[in-house]
Amino acid sequence: MKLFGELWQYREMILSLVKRDLKSRYKGSVLGFFWMFLNPLLQLCVYTVVFSTIMRMGIDKFYLFLFVALVPWMFFSTCLSSGTTVVMGQQDMVKKIYFPREVLPLAFTISQFVNMLLSFVIIFVVVFVSGIKLDPLSLLYLPLIMIIEFVLSLGIVLLASSLTVYFRDLEHILSIISMAWMYLTPIIYPVEMVPENLLKFFYLNPMTPITIAYRDILYYGKAPHVKTLISAALLGILVLVVGEILFSRLQRKFAEEL
Amino acid sequence: MRNPENAIEVNNITKTFKIYHDKGHSLKEKALHVSRRKYEKHQVLKGVSFEVKKGEAVGLMGQNGCGKSTTLKMLTKIMYPDTGTIEMNGRISSLLELGAGFHPDLSGRENIYINASTFGLTKKEIDKRIQDIIDFSELWDFIDNPVRTYSSGMYMRLAFSVAINVDADILLIDEILAVGDLNFQTKCINKLMEIKASGTTIVLVSHSTDQIESICDRSIWIHEGVVRAQGETQVVNREYVNYMRSLRNQALEEEQARKNEESAGTVGEGTEASSESVSENESVNAPGEETGEEQQPEPEVQDKIIVKSAVITNASGESQSLFTLGESVTLEIELYAEELVKDYLIELNLVRADVLFCYGVSTSCDRIACEEWQGDRKLKITFPQMNLLKGLYHFDLHIANSDGSTIVFKGGIAQFEIEMDTPERGLVFLPHEWK
């Protein structure tokens with residue numbers, strides 16, 4: 001509770017870090033802020049070409065099937081692999097001034113989250129163009145699943161950023177893990193393709209229920225199953241709690257280890 | 001908090017750093033070079049306890065590496081103690097490292113917002129303070145330029161202005177008052193006094209005892225990881241200064257002893273030895289000190305007499321280097337003569353650190369007969385009432401033949417300092433009466 005109060009007090013710092021991150025990401029490029037929309041759009045083009053003309057999956061509007069799962073995945077995987085640099089990249093501040101260290105992972109996750117929200121503008125445009133009918137009522141579940149994914153990602157960033165300070169190899173290890181994790185999550189294939197006996201392991205992956213929920217809402221146009229939502233929420237909260245416990249332990253020696 | 005009137009309570013904190021000779025950060029290095037990962041444990045703090053009352057200004061001082069900055073870092077919660085507890089009551093602002101987190105491409109104004117936010121201020125609070133911050137930094141014309149175009153002085157001024165305008169309950173300051181030019185420094189100190197007067201608790205780490213004396217009510221002297229003394233600023237400062245001086249004296253004496261040994265080894269080797277004695281004189285004296293002296297060592301003179309030791313003692317015969325005005329000062333010298341010395345006179349000159357020749361006295365002017373002498377000899381001169389005013393002084397020793405030709409000259413054989421509580425000025429105390 002004390003932490004929440006302190007983070008609230010430092011909200012201006014979080015906000016200015018998010019702004020700085022978003023501003024600096026595309027600073028100096030000709031198209032600037034446009035890249036935030038252009039990037040997912042171009043990716044969509046690549047996947048459409050590959051999966052609709054070369055590797056045909058036999059799924060109707062496969063590009064959309066893939067895209068609605070891929071955008072949330074990119075948010076998660078960036079948190080997983082770039083989250084390692086969050087504390088290391090701010091060494092100067094960590095070593096020299098006090099602020100609740102959770103500010104850094106929180107600001108990073110928020111800025112990635114904002115990025116994802118902007119990509120969702122493209123998703124809605126594509127969904128509209130493709131002519132898929134969305135159920136307005138089930139769309140209400142969208143913010144909920146986004147929040148659940150945010151909670152999960154924040155937990156991952158807390159873990160990755162604090163552990164990297166002690167084990168610098170984690171950065172490289174996590175980029176491999178991130179790739180493997182993507183193929184172990186039903187993103188480019190439907191979860192129905194997973195063999196029955198492996199299915200229960202698949203549901204241990206917190207990204208599985210989240211991906212299914214996104215797809216239910218945005219591709220199938222139906223409300224996600226309550227069971228899916230509950231398992232996503234529980235796994236997300238579990239990761240966040242473990243992440244924060246570990247982070248709060250490890251942060252005590254950040255200044256010495258950096 | 002044991003006492004609600006305290007702003008800070010530090011209870012028996014310890015901190016040990018591991019100093020790695022070859023630190024591996026990656027898993028591979030950690031796994032493969034287990035044996036190579038040697039480290040020394042260095043205990044910086046060995047149980048420090050102190051309390052600071054609300055509204056009090058406290059100075060932390062000590063030698064380099066004594067642990068005062070580590071203590072401050074723990075008060076700031078950048079680091080945590082291994083054992084012991086720290087309790088703080090109130091909003092903390094720390095001026096440890098000015099301008100950490102400044103972004104060079106952003107303007108001064110934008111950086112104020114970012115920097116102030118790292119102190120936990122909200123936008124509204126910053127809006128309220130921004131004019132004060134800009135006014136204090138005196139950077140009106142430059143505030144919208146990118147910070148990378150600032151001079152280092154301007155940079156520090158901006159950073160200091162932000163840090164000092166955070167209305168904290170507890171202000172922690174580390175060695176950063178050397179900001180900007182003299183005028184700005186004075187302004188900073190005045191601002192600190194103002195902040196102190198408004199009831200803010202201040203903890204200041206500084207090497208400047210003057211600074212501590214001008215701001216702090218109380219001093220804590222940390223020595224080798226423990227609190228060696230605490231109390232009224234002036235008292236503790238004097239103790240500290242005394243100790244530091246004795247350290248310096250010791251180093252000086254050791255150097256002297258080493259040189260004496262060297263020169264003792266070369267006595268009797270003719271010109272070589274004498275040339276060495278010249279260089280010795282130069283290194284013992286402060287640069288340029290000899291220009292004011294009439295006794296220049298003549299190169300052809302051999303080092304027949306060696307000063308084995310020179311100590312300054314107080315009235316009770318204990319070695320001391322810091323005196324107050326009017327105290328008794330005694331100089332004790334141990335000499336060694338290689339050959340028989342006869343028909344000689346001993347002269348002592350008292351010189352202030354800025355090469356002002358204050359007083360000279362010799363055995364001949366006091367009409368004291370000097371016996372013939374060979375081997376060891378002790379010499380003692382007492383000034384029962386040292387009336388020189390505040391300053392750093394040293395003795396030069398000159399032993400000459402009765403015709404005035406130098407046998408040996410040693411500059412700066414011993415030094416002492418006079419302190420005083422009265423604001424009299426000049427060189428010497430003259431007894432006086434008003435009517």
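The values are calculated or read from the model by the stated rules, or taken from the named source; none is laboratory data. The structure presented is a predicted model; accordingly, all values stated were derived computationally and were not measured. Cβ coordinates were reconstructed from backbone atoms using ideal geometry, including for glycine residues, and neighbour counts include every protein chain displayed.
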* Residue, surrounded by the most Cβ atoms within 10 Å (Cβ to Cβ), within the range A:84-102, restricted to residues that are aliphatic (A, V, I, L, M), outside any loop (DSSP other than H, G, I, E, B) and within 12 Å of chain B (Cβ to nearest Cβ) -> A:VAL94
* Quick check: is even one residue across the range A:17-33 among the acidic types (Asp, Glu), under 30 Å from A:ALA232 (Cα atoms), surrounded by 16 or more Cβ atoms within 10 Å (Cβ to Cβ) and within 14 Å of chain B (Cβ to nearest Cβ)? -> yes
* Identify all residues within the range A:237-257 that are out of contact with any Asp or Glu (no Cβ under 9 Å at 6 or more places or on another chain) and more than 9 Å from chain B (Cβ to nearest Cβ); write none if there are none. => A:ILE237, A:LEU238, A:VAL239, A:LEU240, A:VAL241, A:VAL242, A:GLY243, A:ILE245, A:LEU246, A:ARG249
* Asked: For the range B:160-245, which fully contained strands (runs of 3 or more DSSP E) count at least 1 residues that are in contact with a helix residue (DSSP H, G or I) (Cβ under 7 Å, 6 or more places away or on another chain), of a type in the set (D, E, K, R) and at pLDDT 85 or above?
  -> B:218-223
* To do: Within the range B:66-78, count every residue that is surrounded by 21 or more Cβ atoms within 10 Å (Cβ to Cβ) and within 9 Å of another protein chain (Cβ to nearest Cβ).
  => 3
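Right, A:SER130: away from chain B (no Cβ under 14 Å), at negative phi, in contact with an Asp or Glu (Cβ under 8 Å, 6 or more places away or on another chain) and among the polar types (S, T, N, Q) or not?
Considered against the rule, which asks whether it is away from chain B (no Cβ under 14 Å), at negative phi, in contact with an Asp or Glu (Cβ under 8 Å, 6 or more places away or on another chain) and among the polar types (S, T, N, Q), A:SER130 comes out as no.
Out of everything in the range B:118-134 that is touching a Lys or Arg at 6+ places or on another chain (Cβ under 8 Å) and not in a loop (DSSP other than H, G, I, E, B), what residue ends up being nearest to the other protein chains (Cβ to nearest Cβ)? Talk me through it step by step, then tell me what you get.
First, the residues of the range B:118-134 that are touching a Lys or Arg at 6+ places or on another chain (Cβ under 8 Å): B:120-122, B:130, B:134.
The next check asks that each one be not in a loop (DSSP other than H, G, I, E, B); those that pass are B:130, B:134.
Details: B:ILE130: 13, B:ILE134: 18 Å.
Looking at the filtered set, the residue picked out is B:ILE130.
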* Structure fact -> In the set B:LYS342, B:LYS378, the lone residue that is in contact (Cβ under 8 Å) with a residue 12 or more places away in the chain and farther than 19 Å from B:ASP396 by Cβ is B:LYS342
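Going residue by residue through the range A:122-142, is there one that turns out to be closer than 23 Å to A:LYS23 by Cβ and either surrounded by fewer than 21 Cβ atoms within 10 Å (Cβ to Cβ) or in contact with a helix residue (DSSP H, G or I) (Cβ under 9 Å, 6 or more places away or on another chain) (or both)?
Going residue by residue through the range A:122-142, those that are closer than 23 Å to A:LYS23 by Cβ are A:122.
Restricting the remaining residues to those that are either surrounded by fewer than 21 Cβ atoms within 10 Å (Cβ to Cβ) or in contact with a helix residue (DSSP H, G or I) (Cβ under 9 Å, 6 or more places away or on another chain) (or both) gives A:122.
So far as the range A:122-142 goes, yes, one or more of its residues are closer than 23 Å to A:LYS23 by Cβ and either surrounded by fewer than 21 Cβ atoms within 10 Å (Cβ to Cβ) or in contact with a helix residue (DSSP H, G or I) (Cβ under 9 Å, 6 or more places away or on another chain) (or both).
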* Asked: Considering only the range B:26-45, how many residues are crowded, with 16+ Cβ neighbours inside 10 Å and at pLDDT 85 or above?
  -> 2
* **Residue, farthest from A:SER16 (Cα to Cα), within the range B:94-115, restricted to residues that are at the interface with chain A (Cβ under 8 Å from one of its Cβ atoms) and either modelled with pLDDT under 80 or surrounded by 24 or more Cβ atoms within 10 Å (Cβ to Cβ) (or both)** => B:LEU96
* Asked: Which residues, counting only those in the range A:139-187, are in a helix (DSSP H, G or I) and over 30 Å from A:ARG252 (Cβ atoms)?
  -> A:LEU139, A:TYR141, A:LEU142, A:PRO143, A:LEU144, A:ILE145, A:MET146, A:MET179, A:ALA180, A:MET182, A:TYR183
* **Checking B:GLU87 against (1) among the acidic types (Asp, Glu); (2) farther than 30 Å from B:ARG148 by Cα; (3) at the interface with another protein chain (Cβ under 9 Å from one of its Cβ atoms), the condition it does not meet** => (3)
